[in-house]
2 protein chains.
Amino acid sequence: MSKQSKVPYKIYLSEEELPTAWYNIQADLPTPLSPSLSPQTKQPLGPADLTPIFPLDLIKQEVATERSIEIPDEVRELYRTFRPSPLYRAYRLEQALGTPARIYYKYEGNSPSGSHKLNTALPQAYYNRQAGIKRLATETGAGQWGSALSIAAKLFGLECTVYMVKVSYEQKPYRKLLMETYGAEVIPSPSRLTAAGRRILAEHPDSLGSLGIAISEAVEDAASHDDTNYALGSVLNHVILHQTIIGLEAKRQLEKVDEYPDIVIGCCGGGSNFSGISFPFLHDKMRDGRKLRAIAVEPKACPTLTKGKFAYDYGDTAQLTPITKMYTLGHGFVPPGIHAGGLRYHGDSALVSQLYHDGLIEAQAVFQKDVFRNAVFFAQTEGILPAPESAHAISAVVEEALRCKERGEEQVILFCLSGHGHFDLAAYEGYLRDHLEDVDYSEAMVEEGMACLPQVQVG
Amino acid sequence: MSKQSKVPYKIYLSEEELPTAWYNIQADLPTPLSPSLSPQTKQPLGPADLTPIFPLDLIKQEVATERSIEIPDEVRELYRTFRPSPLYRAYRLEQALGTPARIYYKYEGNSPSGSHKLNTALPQAYYNRQAGIKRLATETGAGQWGSALSIAAKLFGLECTVYMVKVSYEQKPYRKLLMETYGAEVIPSPSRLTAAGRRILAEHPDSLGSLGIAISEAVEDAASHDDTNYALGSVLNHVILHQTIIGLEAKRQLEKVDEYPDIVIGCCGGGSNFSGISFPFLHDKMRDGRKLRAIAVEPKACPTLTKGKFAYDYGDTAQLTPITKMYTLGHGFVPPGIHAGGLRYHGDSALVSQLYHDGLIEAQAVFQKDVFRNAVFFAQTEGILPAPESAHAISAVVEEALRCKERGEEQVILFCLSGHGHFDLAAYEGYLRDHLEDVDYSEAMVEEGMACLPQVQVG
C-alpha cells in the first residue's frame, strides 16, 4: 500500500501470516549474557539446577543461541484462535495531539486473558504437558499472569494452582473469579500449604503477602511434587522469546503499509512486553545498522533501569531463585503501592538489562498521575481503556509525539498496548477522585537497596 | 473459499467492506407494525409527541419504510475504528460437543464499550449533535448501555448524564467508574434532581431504584431541558435499525467461506441484539423464501415472548412512555433479580413481537443455572468469557448442536456473542459457589401482569 492511499485504522494479518518461529535475540547480542548462578553454590547454573521446576525444552530455550526457534504446531494452532493481534493506527490520538507523528499500536487486549501474557502461557503449558507434567504452580500479583496461565493450562488439560498475593486476593475478587472460571485453584498467599508460607504466618499471622513470598510458595510446591512444575510470566529468556511474536507480527503489519518505526515504546516491569514489541526491530538495528530508538518505560516509584545498579542479584525476596546479572534496586526493595502492579519488580530481565547497559535501548521513568492522565486521554480519544501498565507506554508516546510536533518531525512511533484495564478500575477511581500519590525514588532508597546485593565472584 | 480449504478461526472484513447502509426490516414485514399511542391521549403518536426528547432524524427512522438507510459518513468513520467485528468459527466448541454442526459467532465484545451497544450509541449521538443538542440523558441497569453512550457522547463532544439504578450503582462500582472515565456524569436513581425521583424518595426514602424509575428520570431530564435529549439502548425501531450492521457484516463474512446459516440465534431482552444478528437473514426468508430458523432466547424468569401476551402496553413502569403493541408480561411486572440484567425487561421490541406473532421467528426460555454452566463451558473451550446475556444464546446453540449430533445433521449455526463478561464476575461467582436460584414464571404471575394492561381501542 502506498502512503497516498489511506492506511486503515486496523491492520490485520491472516492466520497464514502468523510467524512460524520466535526470534531469539541471544543470537545477536553484542555482549553475551553473564551466566546465572545457583543461589546455593553461587556457581554458574546447570540444567540440573532447573529440572525440578522446568521442563527440559524450556531450559534449553533459556540458553539457546539459534536466531530462530520454531513454534510448535499445537501452540501455533491455539495462537490462531486470537492472533495475529491487530495493529491500530491511532488517527484520533494523533489528531487530538496535533502531531505530525504517525502513531501505531499493537493491541494485545483482545486475547481471552486480556493481555499479552497468553503468548507465553500457551507454549509453557504445551512444553510442560509434553514432558508429562500434570499441574502447574505459579504466583500472581495484579492477576494478568495468573489469568493467562489458568486459560492455557485448561486448554492443554493441565491443573493450575495460583498463589495470589493475599492483599490482591482480597482487593481484586474479580481477577480471582476469572481464574476460577477457567478452572484454576487460587490460594491466598502466604498459605499453610507450604513450609515457606507457614514460616511467614508463624512470624506474621496477619501478613498480606508479597510477590516474593508467593514465588517462594509456588516454587516450593513445584519442587516438592513430581507431577508439578513452576511457570513464570516474565523476566526469563524463554518467556521473552515467546513474546517476540508481538514484534514479529507488528513488523509484517507495518510492511503492509510501507512503514518502519523510528521509535518503539513499551512499558517495562520484568521486561517481557517491552522485549516482545522491540526485539524483532532491535535485530535490524544490531544486524543491519538500522536507526531506531527503543524506549522502556517504568514507574518513577520503581525505576529499575533508570536508578538501579547493573549487578548480580536474586530474583526474589527470599533468595530462593537463581542469581542473575541485571539492573536491580536490590531484592529487599519493596516498591510503593502504585497501581501498575505488573511494573512493581525490583529487578529486570537479564536481556533487557544487558541491552540497556550496552546503550542499545533507552529507559524513561514516569509518575503515575501523569500515567493516568494520559490513560484517560487515550480512552477518550481512541476508545480503548488501557491497563495502567500499558498506560506507562502511552505517557512516553504522548511526550514523543509532542516533541515531533514542536520540531515538525513526521516520525513513526510504534508501541505495545499490552492489555485492557477492565480489572483496574479501582486504580482509575484513585485518579478520578484525586487520591493518587506520586512517589519518587530517593537516593536513600538506592543506598538501602544496594546494601543487600549478594557478594559473588564470577570467572 | 471452497469448503475443502480450512475456514480460519476468525473471518475479517476490511474497513472498505463495512456496510454503507443499515437494513430496515419495516420494508419487508408481512404485517406492518401497529401504531404506537400517546400515553396521554391514547391516540396514534405524531412526531410532535417525540420532538421534546428525540431529534427529527431518529423520529423519521422510527417510522421509515425504505429498505436501506444510509450510514452517515461520520458514523461510518467511527465504526471503522472497531468494525467490522470478527466472525469466529467455534472449532473448539464443536470439537468439545462432538457435533457435526458448524458453529459461527459474531463477536461484539472487542468494541471499546465491550458490547454491541456502541453500534447504536454512535449514530444516536451523531444525529443529536447534528440537531444542536448539547447533552444526552439516559438510564442504565447492568451498565452496558450507559458505557456505550458515555463513549459515543465523548467522541461527538456531547455531555452525558446517566441515571443508574441505585442498586447497580452500589453493587457495580466498576461500571460506574468506566462511564466516569469516559467523562459521563453518573447519578444513582432515584435522585433528588427530578420530580419523578423526588416523588419516589418521598414515599420510599430507601428505594434501590428500578429501570422504570431511571427511565422516568432520564426522560424528565431531557424533556425539561432544551439542549438535552433522551437516548434509549434497545426496543425502539431506530435502535434495531442501527444494530443490523451486525447481521449485514456476518452475511458477507459467511459468503467469504461459502456458508449460509440454517439457524440464527441471539439472546433477547429489548430485542436489539437478536434483531441485529437475525434481521438481515430474515430479509432473505421473507423476500426469497430462504429456509431459516431464527431463535430469540430469553430467561425463564422473564419470558416475555414465550409466556407474555401480544397486547398494547407501556414501555415503563411509570406509564410515561408511548403505548406500544408488543409481547409483554405487563408493565407492572418486576422480574426476579437474575444475573442477566440486560434481559430483565417486561416487554419486547414491536418489531420482534410482530415477527414472533406472525410465526417468522422462534423463541426459547432458559434457566440461568443452565446458562452459566454453558457460559463456563464456552470460556473453557473457546477462551472468551461471555456476558451472562450472551450466554443465553450459547445455551440454545449447545442444545441445537447436540440435536444435530443426535440426528447426524451438518447444520450451520450462527449466533451473536454480544459482549464480554469482564464486569459480570460477581454473577459467575454466584454460579461457581452454587448460590444461583432458578426462577420459573408461574401462571399467577402471568395473570397479575396482565391485570395492569391499559385499555386501548385502535382503528
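The values are calculated or read from the model by the stated rules, or taken from the named source; none is laboratory data. Owing to the predicted nature of the structure, the values given are computational and were not obtained by experimental measurement. All Cβ positions, glycine included, derive from the backbone under ideal geometry; neighbour counts span all protein chains shown.
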B:THR51: passes all of (1) farther than 22 Å from B:LEU282 by Cα; (2) touching a strand residue (DSSP E or B) at 6+ places or on another chain (Cβ under 6 Å) but (2)
Within the stretch A:375-393, the residues that are under 20 Å from A:GLN144 (Cβ atoms), within 14 Å of another protein chain (Cβ to nearest Cβ) and not aromatic (Phe, Trp, Tyr) are A:ALA375, A:ALA379, A:ILE384, A:LEU385, A:PRO386, A:ALA387, A:PRO388, A:ALA391
The lone condition A:LYS60 fails out of (1) surrounded by fewer than 19 Cβ atoms within 10 Å (Cβ to Cβ); (2) free of Cβ contacts under 8 Å to residues at least 40 places away in the same chain; (3) within 14 Å of chain B (Cβ to nearest Cβ) is (3)
Answer yes or no as to whether A:GLU108 is out of contact with any Asp or Glu (no Cβ under 8 Å at 6 or more places or on another chain), within 14 Å of chain B (Cβ to nearest Cβ) and at pLDDT 95 or above.
yes
Picking from B:ALA296, B:ALA340, B:ALA311, the residue that is closer than 24 Å to B:LEU118 by Cα, out of contact with any His (no Cβ under 9 Å at 6 or more places or on another chain), assigned by TED's automatic domain parsing to the domain that holds B:ILE245 and not aromatic (Phe, Trp, Tyr) would be B:ALA296
Screening B:GLU203, B:GLU255, B:GLU180 for residues that are within 14 Å of another protein chain (Cβ to nearest Cβ) and surrounded by fewer than 21 Cβ atoms within 10 Å (Cβ to Cβ) leaves only B:GLU180
Exactly one of B:THR41, B:THR65 is outside any helix (DSSP H, G or I), touching a helix residue (DSSP H, G or I) at 6+ places or on another chain (Cβ under 6 Å) and not assigned by TED's automatic domain parsing to the domain that holds B:LEU282, and that one is B:THR65
If we ask which residues in the stretch B:283-299 are surrounded by fewer than 24 Cβ atoms within 10 Å (Cβ to Cβ) and in contact with a strand residue (DSSP E or B) (Cβ under 7 Å, 6 or more places away or on another chain), their number turns out to be 4
In the stretch B:71-105, anything closer than 17 Å to B:THR381 by Cα and at the interface with chain A (Cβ under 9 Å from one of its Cβ atoms) is listed as B:TYR88, B:TYR91, B:ARG92
Log entry, pairs with first residue in the stretch B:373-390 being in the same structural domain as B:ARG92 (by TED's automatic domain parsing), second being modelled with pLDDT under 95 and of a type in the set (Gly, Ala, Ser), beta carbons closer than 7 Å, six or more apart or on different chains, reads B:PRO388/B:ALA340; B:PRO388/B:ALA427; B:GLU389/B:GLY269; B:GLU389/B:ALA340; B:GLU389/B:GLY342
If we keep only residues of the stretch A:183-200 that are of a type in the set (A, V, I, L, M) and more than 14 Å from every other protein chain (Cβ to nearest Cβ), then the residue surrounded by the fewest Cβ atoms within 10 Å (Cβ to Cβ) is A:ALA195
If you go through B:GLN411, B:GLN354, the only one that is away from chain A (no Cβ under 14 Å) and more than 21 Å from B:TYR327 (Cβ to Cβ) is B:GLN411
Flagged in the stretch A:300-322 as surrounded by fewer than 24 Cβ atoms within 10 Å (Cβ to Cβ) and in a strand (DSSP E or B), in numbering order, are A:LYS309, A:PHE310, A:ALA311, A:TYR312
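For every residue, the table says whether it meets (1) at pLDDT 95 or above; (2) of a type outside the set (Asp, Glu).
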| site | (1), (2) |
| --- | --- |
| A:TRP145 | yes, yes |
| A:LEU149 | yes, yes |
| A:LEU177 | yes, yes |
| A:GLU180 | yes, no |
| A:ALA184 | yes, yes |
| A:VAL219 | no, yes |
Taking the stretch A:104-132 and keeping only residues that are part of a loop (DSSP other than H, G, I, E, B), in contact (Cβ under 8 Å) with a residue 40 or more places away in the chain and surrounded by 23 or more Cβ atoms within 10 Å (Cβ to Cβ), one is left with A:GLU108, A:GLY114, A:HIS116, A:LYS117
Selection over the stretch A:75-103 where residues are without any contact (Cβ under 8 Å) to a residue 24 or more places away in the chain and within 15 Å of A:PHE415 (Cβ to Cβ) yields a count of 0
| query | Is there a residue being in contact with a Phe, Trp or Tyr (Cβ under 7 Å, 6 or more places away or on another chain), among the charged types (D, E, K, R) and surrounded by 24 or more Cβ atoms within 10 Å (Cβ to Cβ) anywhere in the stretch A:212-220? | reply | yes
Checked the stretch B:148-175 for anything of a type outside the set (Lys, Arg), within 21 Å of B:LEU58 (Cα to Cα) and within 14 Å of chain A (Cβ to nearest Cβ); matches are B:ALA148, B:LEU149, B:SER150, B:ILE151, B:ALA152, B:ALA153, B:LEU155, B:PHE156, B:GLY157, B:LEU158, B:GLU159, B:CYS160
With the first residue restricted to the stretch A:186-197 and required to be under 14 Å from A:ALA137 (Cα atoms) and free of Cβ contacts under 8 Å to residues at least 60 places away in the same chain, and the second required to be hydroxyl-bearing (Ser, Thr, Tyr) and outside any loop (DSSP other than H, G, I, E, B), Cβ contacts under 6 Å at 6 or more apart or on different chains are A:ILE187/A:TYR163; A:PRO188/A:TYR169; A:SER189/A:TYR163
Matching residues in the stretch B:423-441 (more than 9 Å from every other protein chain (Cβ to nearest Cβ) and of a type in the set (A, V, I, L, M, F, W, C)) number 3
